[in-house]
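Working notes for the structure below.
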Amino acid sequence: MKTGKTSVYDCSIIELDKHHSDAGNITVIENQDTIPFEVNRVYYLYDIPGGQERGGHAHKELRQLLVAASGSFDVVLNDGSVKRTVTLNRPYQGLLVVPGIWRELNDFSSGSVCLVLASHKYDEADYMRSYEDFLEYKRQFLN
Ligand code: TYD
């Protein structure tokens, strides 16, 4: 699907594999098997101050899987027409965020960790950081 045409409903929760034991739990993510893209970068957000908002941008090509590896936070997805808020609070669930979606992360619980698996290496040129530019970009793809 063309990046400009993506909607918030193309973003979905993926149930990750989990192994419970008395010794604790483990969740495994493997390329192709678990998520619909090849992982080329992993990063994580942590030590996020209370009340802080992260994100506030969209990507042209990048696909990501967001996981609340610890704690919880909200992801506000916005395709220019529809806004949808997804709360992540389970380490065995990932939110697939497709390209062309404005996202904001907020309401981080104390000590939370947002793990991000990404389809491409860091490329500032792939970012849309201006909301006005994002809306203009999406408008081009209407109809
Ligand atoms: P950014 O993606 O804007 O963070 P967030 O969406 O969580 O608010 O990245 C914040 C800064 O970190 C930005 O100046 C660039 C840098 N950065 C890298 O150098 N490499 C990366 O892979 C990422 C994700 C960010």
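Where a number appears in this text, it was derived from the coordinates with a stated rule and is not lab data. Remember, predicted model here, so these are calculated numbers, not experimental data. Quick reminder, even Gly has a Cβ in these numbers, built from the backbone with ideal geometry, and neighbours come from all protein chains shown.
Taken along its principal axes, the alpha carbon cloud of region 31-107 reaches lengths of 35, 31, 18 Å, longest axis first. Principal-axis analysis of the Cα atoms of the chain puts helix 131-140 at an angle of about 70° to the longest axis.
Computed per residue of the chain from DSSP H runs no shorter than four, each worth -39500 (n - 2.57), the mean residue ellipticity at 222 nm is -2000 deg cm²/dmol. Which residue, Leu135, Leu115, Tyr9, has the largest displacement toward the positive end of the dipole of the chain when charges sit on each Cβ (Lys, Arg +1; Asp, Glu -1)? Going by the Cα projections, it comes out as Leu135.
Coupling constants for region 60-71 follow from the phi torsions by the Karplus curve (6.51 cos²θ - 1.76 cosθ + 1.60, θ = phi - 60°), and in residue order they are 7, 10, 5, 10, 9, 10, 9, 10, 7, 5, 8, x Hz; glycine and proline get x.
In this simple spin-label model, placing a label point 7 Å from the Cα along the Cα-to-Cβ direction at both Val28 and Arg129 gives a separation of 3.9 nm. Only Cα pairs under 8 Å and 6+ residues apart enter the sum, and on that basis the relative contact order of the chain stands at 35 percent. In plain terms, the chain from Lys121 to Lys5 could stretch by 39.4 nm, reckoned as 0.36 nm per residue minus the Cα-Cα distance. Residues Asp33, Asp133, Asp126, ranked from the fewest to the most other C-beta atoms within 10 Å, line up as Asp33, Asp133, Asp126.
Relative to one another, the C-alpha centroids of region 38-74 and region 79-109 are positioned 9 Å apart. If I build a Gaussian network model for the chain, linking alpha-carbon pairs within less than 10 angstrom, which residue out of His57, His19, His120 has the largest mean-square fluctuation? Of His57, His19, His120, the Gaussian network model singles out His19 as fluctuating most.
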